[in-house]
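For reference, the structure is listed below as structure tokens.
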Amino acid sequence: MTTTVESASDTLTSALRLPVREALADRAETLRRALPARPDDAAQRWHWWQDMTAEQQRHAALMERLDALCGHLTGQPALGYAPGDPLPLAALEEADGFTSEPVAELMAAYRAERREMAEGQPLEARQPSQMPASA
């Protein structure tokens, strides 16, 4: 599978991975502190999930997503993201509003570069997030 990330600026990718991962990790830790302790045992985790309110469950699901994206950024591919994608757009989306202004500017430049590369590809080679609205 070909991704547009292979051509994305290595400089931008390198500059963004750490601050984006830190923003995601900070968000996940904030959620983790606000939730009941998550048990390691699967059966206990099921009870943990059932005992939470709907809002707590949404926060727990977001925490899991953020943890998965943090792992992906450190080389542990997360389900649903291309293993060769060093900086999924989902990670940037989750980091929006939680980074400094200079990092936000780099994120905008990275997105613009990916968009430009995607527009040059045939539709069959594009990732679902790169499909035009009319496709």
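Data table
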quantity	calculated
Within-12-Å neighbourhood charge of Ala112 [Cβ basis; K, R +1; D, E -1]	-1
Added length on full extension, which subtracts the Cα-Cα distance from 0.36 nm per residue, Glu55 to Arg115	18.2 nm
Phi to ³J(HN,Hα) by Karplus 6.51 cos²θ - 1.76 cosθ + 1.60 over the stretch 44-61, Hz, x for Gly, Pro	5, 5, 4, 5, 4, 5, 5, 7, 8, 6, 4, 5, 4, 4, 4, 5, 5, 5
Two-site label geometry, Arg38 and Asp96: point separation in nm, points 7 Å out along Cα→Cβ	2.4
Global form of the stretch 37-107, assessed from the alpha-carbon gyration tensor, a/c cut-off 1.5	oblate
Accessible surface of Glu101 - all protein chains present, 1.4 Å probe, nearest 10 Å²	120
Theoretical FRET efficiency, 1/(1+(r/R0)^6), r = Cβ-Cβ of Leu18 and His47, R0 41 Å, to 0.05	0.65
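The values are calculated or read from the model by the stated rules, or taken from the named source; none is laboratory data. Treat the numbers as computed from the prediction; the structure is a model and nothing was measured. Cβ coordinates were reconstructed from backbone atoms using ideal geometry, including for glycine residues, and neighbour counts include every protein chain displayed. For the accessible areas, the whole protein counts, side chains as well, though only heavy atoms, and no ligand, DNA or RNA atoms are used. Shrake-Rupley method; radii C 1.70, N 1.55, O 1.52, S 1.80 Å.
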